[in-house]
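Read through the structure below, which is laid out as structure tokens, and then see the notes.
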Protein chains: 2
Amino acid sequence: MSEAAAVQATIGDSEFDRDTAVTRREPGVYDIDLSAGWTIIKAVNGGYLLAVLGRALADALPHGDPFTITAHYLTASRPGPAVVRTDVVRTGRTLSTGQASLFQYDEDGTEVERIRVLASYGDLDALPDDVRTSAEPPAMPPVEQCFGAEDAPPGTSPVTGSSAIMDRLWIKLDPATLGWVLGAPSGKGEMRAWFGLADGRDADPLSLLLAVDALPPTAFELGLSGWVPTVELTVHVRCRPAPGPLRVAVTTRNLAGGFLEEDAEVWDTAGRLVAQSRQLARAKL
Amino acid sequence: MSEAAAVQATIGDSEFDRDTAVTRREPGVYDIDLSAGWTIIKAVNGGYLLAVLGRALADALPHGDPFTITAHYLTASRPGPAVVRTDVVRTGRTLSTGQASLFQYDEDGTEVERIRVLASYGDLDALPDDVRTSAEPPAMPPVEQCFGAEDAPPGTSPVTGSSAIMDRLWIKLDPATLGWVLGAPSGKGEMRAWFGLADGRDADPLSLLLAVDALPPTAFELGLSGWVPTVELTVHVRCRPAPGPLRVAVTTRNLAGGFLEEDAEVWDTAGRLVAQSRQLARAKL
């Protein structure tokens, strides 16, 4: 991994943990300073934001793991202060349901809602061990044959402007989904990568919320070059991930009417399908 | 279709429209009498319930079509009176976001929340005509070679107890996904059917919310026979469906830890992928 990983970060002591830390102001209300470290161009990454909200809900609910979490992205978040207000919808023995909203102040001091989330939480460690997954892990070359932003010759990166998040993530893209970088997109709505955090922190359920929304848009391989803002993102976390890099495969099968879906699967080193997600995004054609 | 279709019902004048009709009590608050006509065993169908909530939101929001709608099923709904409370989260030019909850009273008069929904609505007719769908419609035999409950010899139906909903739906299952009926499930997590409403009403965005949750559970073809209660269901409506029967294909790829996902695709007679859905459900192993 990167040089920053010389001393490997751990779950609970890492950039990701510090930047998603929420401070309880009063029961159900949390303050957070959104980090500028998870932005691309000017946008705060949607998966990072989901992890912030997910962390507040993990504190507010009696269960700690997001089993299914849905976010609607309402207005563009900016680095800086924000407040998360949570609402406990229902608590049960094995599942609890909660809602959360993230707010920021706009220029004239008005509180504006950025994101609203609805989620059900449980305890992944309490689940039985049965696995009858018929899905197959993505066929991907070994890490050594995949490419990250750090492998690009200077000046050739297709990403212009700020890309602070690139320093926080360790992403090695499958060359089969890299045609867009060379101006020759495959035409298939596929993006695949090895994924980790640059400081070497292993994955946990909260960082899976980041992993599903961290790769370049599948739209790039479909020949689109514009922004692909997320309308809604739902993540199912199905298993606590084993240590080591994740494999993330994202697929788009229905680009139509100016919208597309992005389906992500996340596999861990133990060969478990640890998360499934789908988002609805707008496509600029 | 069924004999009830002798006079074909229309969108706006059908069993489905009457049974999802909500009455505005005050701005944002709606009364509904949940019909016993959409139950299987004692459970009110989750897709019917989603359509009820979706209809209330269509009234409360400035846009009329659910683009992405997520429901968390909290407690079991029963036929009878219910109230839907909606909340407008954000209104925009092309999309509006809203939230809704359905409540009923339990035996001691306490109001209990049954379902909570978060959704973004738009105008399907305002979308551009571009279609770059790479997904293929499900390979299915013609209707004449598929089977519905009405084709089963008396006494052989695998569904016991009330199945009122069967009289409202027109479902013809692909024989390749019917092994469970004969005690020989395929072991694949697949269920496919031609789908319509028994009174001949054509599909619209609201009835698509029903279509994605109306087939027998894929778990039956995985050899499970128990109840598969939905925790969360998200539906993306991508296109206003053309008249005529729909093709619905449901797939499960990850049955593990006592949970499974069910992904549904709905295709119309014009060959458009009109809806995509995913639900997280509990599996009784």
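In table form, for the structure just shown:
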| item | result |
| --- | --- |
| Euclidean distance between Cα centres, segment B:1-69 to segment A:74-132, Å | 29 Å |
| 10 Å Cβ neighbours from other chains, averaged over peptide B:113-126 | 3 |
| Accessible surface buried upon B-A contact (total; probe 1.4 Å; Å², nearest 100) | 4700 Å² |
| Mean separation of Cα contacts under 8 Å, 6 or more apart, over the residue count of segment B:1-120: relative contact order % | 24 percent |
| For B:GLU265, solvent-accessible area (1.4 Å; no DNA, RNA or ligand), Å² | 30 Å² |
| Rounded to the nearest 20 debye, dipole of the protein assembly as shown from Cβ charges on Lys, Arg, Asp, Glu | 160 debye |
| Under Karplus coefficients 6.51, -1.76 and 1.60, residue-wise ³J(HN,Hα) of segment B:47-52 in Hz, glycine/proline x | x, 4, 4, 5, 5, 4 |
| Cα-projected label distance for B:LYS188 with B:ASP151, points at 7 Å along beta-carbon direction, nm | 1.7 nm |
| Whole-Hz couplings from phi, Karplus 6.51/-1.76/1.60, listed for segment B:198-210; x for Gly and Pro | 4, 7, x, 4, 6, 7, 9, x, 5, 6, 5, 5, 7 |
| From the C-alpha gyration tensor of chain B, square roots of 5λ in Å | 28, 23, 19 |
| Residue with peak Gaussian network fluctuation, chain B [Cα springs, cutoff 10 Å], from B:TYR121, B:TYR105, B:TYR30 | B:TYR105 |
| Other-chain or far-sequence residues with amide H under 5 Å of A:GLY223's (modelled H) | A:GLY187 |
| Listed residues A:MET191, A:ILE32, B:ALA184: farthest to the positive end of the dipole of the protein assembly as shown (Cβ charges) | B:ALA184 |
| Label geometry 7 Å along the beta-carbon vector: B:VAL112 inter-copy distances in nm | 4.2 |
| Built amide H within the under 5 Å cut-off of A:ALA275, gap 5+ | A:ARG238, A:VAL266 |
| Projected area averaged over orientations for segment B:14-115, convex hull of C-alpha atoms, nm² | 6.6 nm² |
| Selected from B:PRO137, B:PRO27, B:PRO245 as most flexible by GNM, with chain B as the system and alpha-carbon contacts under 10 Å | B:PRO27 |
| B:MET140 long-range amide H proximity, modeled H, under 5 Å | none |
| Shielding by partners, peptide B:250-263 (average Cβ within 10 angstrom, other chains) | 6 |
| Cα-based convex hull, the protein assembly as shown, per residue volume (Å³, whole number) | 152 Å³ |
| Other copies of B:ASP31: label-to-label distances in nm, shortest first, labels 7 Å along the beta-carbon direction | 4.7 |
| Solvent-accessible area, 1.4 Å probe, carbon plus sulfur percent, for chain A | 52 percent |
| Cross-link pairs A:LYS188/B:LYS172; B:LYS42/B:LYS172; B:LYS42/B:LYS284; A:LYS188/B:LYS284; A:LYS42/A:LYS284; A:LYS172/B:LYS188 - those with Cα-Cα distance over 27 Å | A:LYS188/B:LYS172; A:LYS188/B:LYS284; A:LYS172/B:LYS188 |
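The values are calculated or read from the model by the stated rules, or taken from the named source; none is laboratory data. Every value quoted in this text rests on a predicted model; they were computed, and no experiment measured them. Note that each Cβ is placed from the backbone with ideal geometry, even for glycine, and that neighbours are counted across all protein chains shown. SASA here: full protein model, heavy atoms, side chains in, ligands and nucleic acids out. Shrake-Rupley method; radii C 1.70, N 1.55, O 1.52, S 1.80 Å.
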